[in-house]
Structure formats: structure tokens, C-alpha cells
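Read through the structure below, which is laid out as C-alpha cells, and then see the notes.
A short reminder: the numbers here are calculations on the coordinates, not readings from a lab. Quick caveat: nothing in here was measured; it's all calculated off a predicted structure. Using ideal geometry, Cβ is built from the backbone for each residue, glycine included, and neighbour counts are taken over all protein chains shown.
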2 protein chains.
Amino acid sequence: MAELVREELHSSVTDPVAASMNFLNEIAGRFPAAISLAAGRPFDEFYAVEDVERYLAAYLGHLRAQGIPEARVRQAILQYGRTNGQLGTMIARMLEVDEDIRVPAESVMVTSGCQEAMIIALRGLCAHPRDVVLAAEPCYVGFTGAARVLGITVVPVPETAQGLRPETVARVAREVRASGRRPRALYVVSNFANPSGVSLSADVRRGLIETAADEDLLILEDDPYGLFGLDDRRSPVLKSLDTGQRVIYLGSFAKSVFPGARVGFLVADQTVVSAAGHRSLLADELSTVKSMITVNTSPIAQAVIGGVLVSCGYSLRSANQEKIAFYRSNLRALLAALERHFSDPAITWNSPSGGFFAVLDAPVRADEKLLERSARDYGVLWTPMSFFYLDGGGSHAIRLSCSALTADQIDEGVRRLAALIADVRS
Amino acid sequence: MAELVREELHSSVTDPVAASMNFLNEIAGRFPAAISLAAGRPFDEFYAVEDVERYLAAYLGHLRAQGIPEARVRQAILQYGRTNGQLGTMIARMLEVDEDIRVPAESVMVTSGCQEAMIIALRGLCAHPRDVVLAAEPCYVGFTGAARVLGITVVPVPETAQGLRPETVARVAREVRASGRRPRALYVVSNFANPSGVSLSADVRRGLIETAADEDLLILEDDPYGLFGLDDRRSPVLKSLDTGQRVIYLGSFAKSVFPGARVGFLVADQTVVSAAGHRSLLADELSTVKSMITVNTSPIAQAVIGGVLVSCGYSLRSANQEKIAFYRSNLRALLAALERHFSDPAITWNSPSGGFFAVLDAPVRADEKLLERSARDYGVLWTPMSFFYLDGGGSHAIRLSCSALTADQIDEGVRRLAALIADVRS
């Protein structure tokens, strides 16, 4: 009987971050009644299963209204399709309406969720072991995970309360170069980051674009939470400021529509020049990588998302007013609950201006042992911030999510957390 | 303005096989009236777009019939889901009914098409640069492409008219070991391979299982065409003979249902043992890799395939009788057309016992130049077999596909090809 040795499998299988996430899921499974301030998934009562059919029908209607023959409509849903997908025009239009991003439809690649967009961009850009990527730290585990699958080194750039400092990015890029490696890109979440909740200030946004040009970096901008600000003031996404084509934009419909489609996209409008002088679009070059990972994104899933875009006049911002109100109310409930239940001046938290997350700093070791005790004895789950650091860090910090709960649950969850921390400190 | 240098992108972007495939697509685009004996896609008139809705409804009905509460049904379609997917039980049942494979549902991972199954299996198994995989050559380009994305070396094992010879596999495995590398797995298409059309004899199947044990290899068995034999005689798939758990089975619904779902799967029932003695299932270990590539497979797409499986009583073989008859008739038409239009004894072809492909050997250089001439002057497309060899080979051979044409088109296509070759030889 063949038995495989776990330690001989690839390091991405035995990734400690994945093990941590598994531990979190296991705890959640063992204590199903606990309130989860850990789950960052979107609230799922905005849609019904019947909507899938409705949006599918809207997309088919859109194709037929253009006079596309029935055989081609059938192929668009049932056959293999174009590697980069069939929603390029629709997504480009949405990006213009919602984000003031103007890019050609051909620069859009539809992906099997934003996760695949990350791995495709990373694969295309990093050719040699000396090609590394920088990432704001604390960093979304999906990004570091994608890099790990490909064996690409991620060099952390510490984030401040105002987000990344462009001068720190420049310093790290130079250090990387001085060590004989090549920094190819910087990964950053521009609005209400997961896990920190931090957003980039307008000055930082402009500064990062300049730094990318000065240091010959691309920026991988991820913006899954951008719609969900606490108010209607908006900072421009990096891609909308990107006159020098330094930004590859990574897009998700998981929060703005629903996760079950598993449709995301990337925008790569950079010009690629070959040694022979041939010019092409980076999105077209990356299509080879996409074809070797998933061939193309499920046309059925694409059709559902296409139907949503048609139905909302290409403005997810206007289509999401109900969700925006819900998440605003939840984040306000979280911040109010923190005020209500924590009075110890040694315990602090940040005040994100939107999104699903906030971070609590407390003089307790926020490790897996404490998490297990929290779930068992206090009925509340949260995420140790240490999960989001590459080389240590976050040992006394907690990520709190508020996306999948009611306001009452949030308040009760924070009350329980305060009781836990008070007991540990007493 | 940022410009990227093409030669500094990853080698998978500039993969010569991808360039060849692009060339083929470009030729097809330039000569749309040409008959394509190149396209290996499934014929797409067996399904209508309305079937998507119907199967989705069948899956929802199945969930509700089990008493699953509506909120959970909604989550099953619209939320993130289990990394390894929700069709494990259904697929395990189908494998038992159709293929006499008995595996636990937990050993099944649902993937975003079979392509993702390949890349996940490769990633999990190959940890170090010295870990390589063997593959029957000529080899499906999707497999070599997946390996290229990960930088994994593929060592070819030459195929004969009877498929792989186990003793050749053993010899190559030993040579690889002698060179300081570790052969982790062998990739093979058991039935009616793409591109060669070749199937493994019953003896070879048993021999490969033995060789895998002797040489400490796993076998990655890919079987997308297994349903489509010329008659009802069936050879057991390797996985059904796999008492020693040497086989990871890679599954596709692209031909047995339709490609637009982009749902595939892998079966990895191997035991993994950690240094600490903890035992787990390989499918569970690989879920970490899956989570870093696409998080999970679109639940909407899974639901459509689930609805198909429920509707056919878990037998794709019985559900596919119409398709089976169609592809049989097409392959017979191809073999008859070859008999009819080629009388030169210097020109030979094989006679596959099923599937979508046959190979013609002719004393002409079957390169891109000839292909362009063929499309322009003779109105027929085909695939140079050289695309399927890693280090040269197939220079005078042509892959002929018969899956997406009518019998009349097949005959006319082969007539045109014969005229081309006659002119080149005269």
C-alpha cells in the first residue's frame, strides 16, 4: 500500500498559515454556537438562489438583443470559450462607471475568482528565483499563499496606520535590489484592507504611483472592499491614477455580488515588448498562464455575473446600496461595541473608515491557545493577527470581522471578548 | 510609460507550445471556412442553454429532498464553500457505477476543470527541483503546460502503438533516479489518448500498476475520452485495478457533459503520514493547494454538474448513449475517409478503438508552414504532431480530430488533406 510522507510534499501543502486557518475552521466546527468575529465572508441574505436563474436569463437576453445567433449563444454558455473570458467589455464599462478607470476591454482577463488573478499575475511577472514581490504587511493570506504555491519570495513592507509609506516601499525595494534580487511588484489593498482595515490616504496613493515609477515596480492593487466605505467620500483607486501603466488591478465580485460565482478578474493594460520588437498587451501574454491553470473561467458563472452587470447598468456601486448600508451599520456597531465594552487604556483598536475588519491591540498573547479558550469558555471566535505576518508580528493583536453577523451578535461577541481579556489580565 | 520586456516574463508565458497553439488559432481565424480536423472540442449540439437551468433546479431539488434548510441551500449555491467541493459523494457514486472504482467521497476534490486537477496534483507531489514527473509521449499539452507553470521537469516516456510499455517506464524511472532526480509520478491517458488515439492494453494496465509499485511511482491517470469507445468492450481504468493506491485519477466532465461548466475532479485516496505519525488523506492535504489557486470551484457550476449526475442516476455512461453513437460514427467516418482518399503505401495511419483522434504519418514535413498552405490553398486544418513532443519528434505526423464535425465534413476534410499531401509529394 502506497503511503506518502507529508514532509516530502510541497511546502505549500504544509504551509503554517494554512494550518492556522485549518485550526480556526476546526475550532469553529467544534464550537458552532460561538459568535464568530473571525468569519470575513460576506453576509449572504441579499440574494436568493432564484437570482442565479434571473441573471443567467438577463445575460442570455443581452446576447440575443445584440442579434447573436442562437448557436453562438449556446456556445457562449456550454463550450470552451476565449481564455481571457467574455466579460471584458462589460467589466471595462463597470470600471469606468464605478471607479473612473479607463482601460481597453482587451486588457481585462476574467478569472476563477480573484485568487486565480493573483496567481496568474505572480506567475507571469516572476521568472527567476531572484524575482520577488513586496507586500504590505500584515498581508492577506491568499496573496502569500499564491506566492508560496509558485515558490516566489514575498518581502514584507510594514504598514502604518495610514497604510504603506511610499518611502518605506522605496527603501525595501532598494534593499532587495542591493541583495541581488529584483523586486517585480508591490501587492497592496487600497481600501479597508484585510486584515488591518487600513486605507491609503490620497497622498499615499499618489506617492505609491510615483515610487512605482522611480523604483521600476508594478503595483498589484486589490480592492475587494472598496464599495463599503462608512460614508460616501471616496479616494480614487490607484488604477484610476495610473497614467504610467504601473498598476495591475485585481478585481473580485465576491463581496459586490456573491462568492458562489467564483468570478474575478485582472486588468493588465501594460505593453509588453519582445526582443524582436513585437508589442502586445500584458493581459494577452498572461492568457497562456491562465490556459495552463484553468483553461478558462466557467462560462456559466461568467454569464451570471454578466447578467448582474447588465441588470445594474454597469454600476455595482448603485446596485449595492442595501449592502453598503448593512456593512456600514455593522462596522459602526463594531466600533461602538469596542467603545462600550473596553475601558482599559492598555487596550486599543483602530477605526477603519470602511470594510469588514478592525484590529484590537491588547496586552495578551493572542495565540491559538487563547483562541481555543475563547471559543470554549467565552463563546467567541476571532483571528490572531499573527496569521498575517510572514516573520513574526501581530502576537498581541486580534482581527475582528463584522461582515456576517447582526448588530446584536457583534455587540455580544465584543462583550464576550472583553470578558476573556479582562480575565486573562486579572 | 511602463513597458515590460517579454523575455523577462516567466517561461510559461513564452512557452513554444502555447505559441504553436496560438498560431493554430490564428490560422483558424484567418481561414474560417476551412474544415477543421484540428479542433478537438466536443460537439455542442447535445445540450441547450435551457438545460443549465434544468440541471440547477434538479440539484436544488435534490438538496431540498434531503431536508436541507433553505438557508443552507442558499449558502450551497451563493457562498464560499468547502475547498474540496460539494460533489464528492455524487462523483464517488458515479465512479462506482460507471468505472467500478470504489473510493471514499472524501478522497474526491472538485476542481475548476481537469486542468486545475493536474496543476494541484503536480504541485502537491513535486516539492524540490529534483522531483520530476514522467509522461507518455506524445503528451497532452495541458499536462506539460501545467508542469511548466510550476517549473517542474517532465521526462518523456515514448509511447508505442500499444501505449506505454511498463518496462520502458521502469527504465526511464531508473535513469531518472540514477541522475539524482526523483520520479514522483507518471502521467498517462488510459483510453484513446489525446493526441495519439492510443489505448493501453489490459496487460499494459496491470503491468503499469505493478511497475508503479516496484519503482515507487504514483500514476496520474487522465481519462476524458473513456466513454467513447468504438464498441462496448471496455478495459478497466487503472484506478479500478489500484489495490495499492498508486493511482491519482483525474476526471473531466467536459466531454461527458459540456465544457462550459469547467468542473473536473481528482481522486486522491492515498494515505499521507506525517513525521509525527499523523495520518491523513492526500485529497485533504491537497486542499491547501486548491485554496491558494481558486479557493473553491464555482458552486453554481458544481450545482449544474450535480444536477446532471442526479438526473442520470449517477451513470454518465447511460446518459451519454446519443453522444457515444455520434462519436463512434465520426471516428468510423474518419477511418473510412482515410481508406478512401489515401492509397500511397508510404502514407499510414493508426486505427484507434475510440476517442476523438487519429494520427497520420506521411513523408512530408508537417510543420506550421505546411499548415498555413493547407489552410490557404486546400481549406483544411490539422495539428502538427510535433506540438506534442518535448524534445523533437512527430515532425512527419499529423493529428486528425473528428469530434466537432459532421461525417460529410470529415470526408471532405480528409479528401483535401490527401490532395495537399499528393501535391507536396509530386
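Amide hydrogen proximity for residue B:187: with H placed 1.01 Å from N in the peptide plane, the residues at 5 or more positions away or on another chain lying under 5 Å are B:134, B:135, B:136, B:220. The HN-Hα couplings worked out from phi for region A:390-401 by the Karplus form 6.51 cos²θ - 1.76 cosθ + 1.60 (θ = phi - 60°) are 7, 10, x, x, x, 5, 10, 9, 10, 8, 10, 9 Hz, whole numbers, x standing for Gly and Pro. Quick check on the protein assembly as shown: take the gyration tensor over C-alpha atoms, sort the square-rooted eigenvalues as a ≥ b ≥ c, and tell me if it's rounded (a/c under 1.5), prolate or oblate. Here the protein assembly as shown falls in the prolate category. Residue by residue through A:202-211, how many Cβ atoms from other chains fall within 10 Å of the Cβ on average? That average works out to 0.
With no solvent and one equal point scatterer placed on each C-alpha of chain A, evaluate the Debye formula and give log10 I(q)/I(0) for q = 0.10 Å⁻¹, two decimals. Result of the Debye calculation: -0.72. Per-residue mean of foreign Cβ neighbours for B:7-19 is 6 (Cβ atoms of other chains, 10 Å radius).
Across the copies of the chain, residue A:214 has label points (7 Å from Cα along Cα→Cβ) spaced 6.6 nm apart, shortest distance listed first.
3J(HN,Hα) along region B:415-420, derived from phi through the Karplus expression 6.51 cos²θ - 1.76 cosθ + 1.60 where θ = phi - 60°, amounts to 4, 5, 5, 4, 5, 4 Hz, with x in place of Gly and Pro. With a cut-off of at most 12 other beta carbons within 10 Å, and DSSP calling the residue loop, which GluC sites (Glu not before Pro) in region B:16-74 qualify? Please list them. Here the sparse-neighbourhood loop sites are B:45.
Only beta bridges with both residues in the protein assembly as shown are counted; by DSSP, about 50 percent of them are antiparallel. What's the center-to-center distance, using Cα atoms, between region A:86-125 and region B:106-151 in Å? Region A:86-125 and region B:106-151 have Cα centres spaced 26 Å from each other.
Once the Cα atoms are used to define both axes, helix A:202-214 deviates from the longest principal axis of chain A by about 60 degrees. Annotation: amide H-H contacts under 5 Å for residue B:354 (H modelled 1.01 Å from N, sequence separation of 5 or more, or interchain): B:230. Rounded if a/c is under 1.5, else prolate if a/b beats b/c, else oblate: with a ≥ b ≥ c from the C-alpha gyration tensor eigenvalues square-rooted, which is region A:335-426? Rounded shape, in that the Cα axes give a/c under 1.5. Annotation: amide H-H contacts under 5 Å for residue A:131 (H modelled 1.01 Å from N, sequence separation of 5 or more, or interchain): A:182. Axis angle, to the nearest 10 degrees, between helix A:299-311 and the longest C-alpha principal axis of chain A: 90 degrees. For region B:1-105, what does the alpha-carbon gyration tensor say about shape, rounded, prolate or oblate, given a ≥ b ≥ c as the root eigenvalues, a/c under 1.5 as rounded, and a/b over b/c as prolate? Taking the square roots of the gyration eigenvalues as a ≥ b ≥ c, region B:1-105 is prolate. Between the C-alpha center of region B:275-329 and that of region B:160-183 there is a gap of 30 Å. With neighbours defined as other Cβ atoms within 10 Å of a residue's Cβ, the residues B:287, A:353 order from fewest to most as A:353, B:287. Annotation note: GluC sites (Glu not before Pro) in region A:246-346 located in DSSP loop regions with a Cβ neighbour count of at most 13 within 10 Å are absent. For the pair region A:29-66 / region B:334-349, the C-alpha centres are spaced 55 Å from each other. Across region A:91-99, coupling constants 3J(HN,Hα) worked out from phi with the 6.51/-1.76/1.60 Karplus curve, θ = phi - 60°, read 5, 4, 5, 4, 5, 6, 5, 8, 10 Hz, and Gly and Pro carry x. Inter-copy label distances at residue A:376, shortest first and taken from points set 7 Å along Cα to Cβ: 7.7 nm. Other residues within the sphere of radius under 9 Å centred on the Cβ of residue B:106, judged by their own Cβ, net out at -2 (K and R +1, D and E -1). Of the residues A:341, A:278, the one with the fewest other Cβ atoms within 10 Å heads the list, and the complete ranking is A:278, A:341. Axis of helix B:166-178 versus longest Cα principal axis of chain B: the two differ by about 80°, to the nearest ten degrees.
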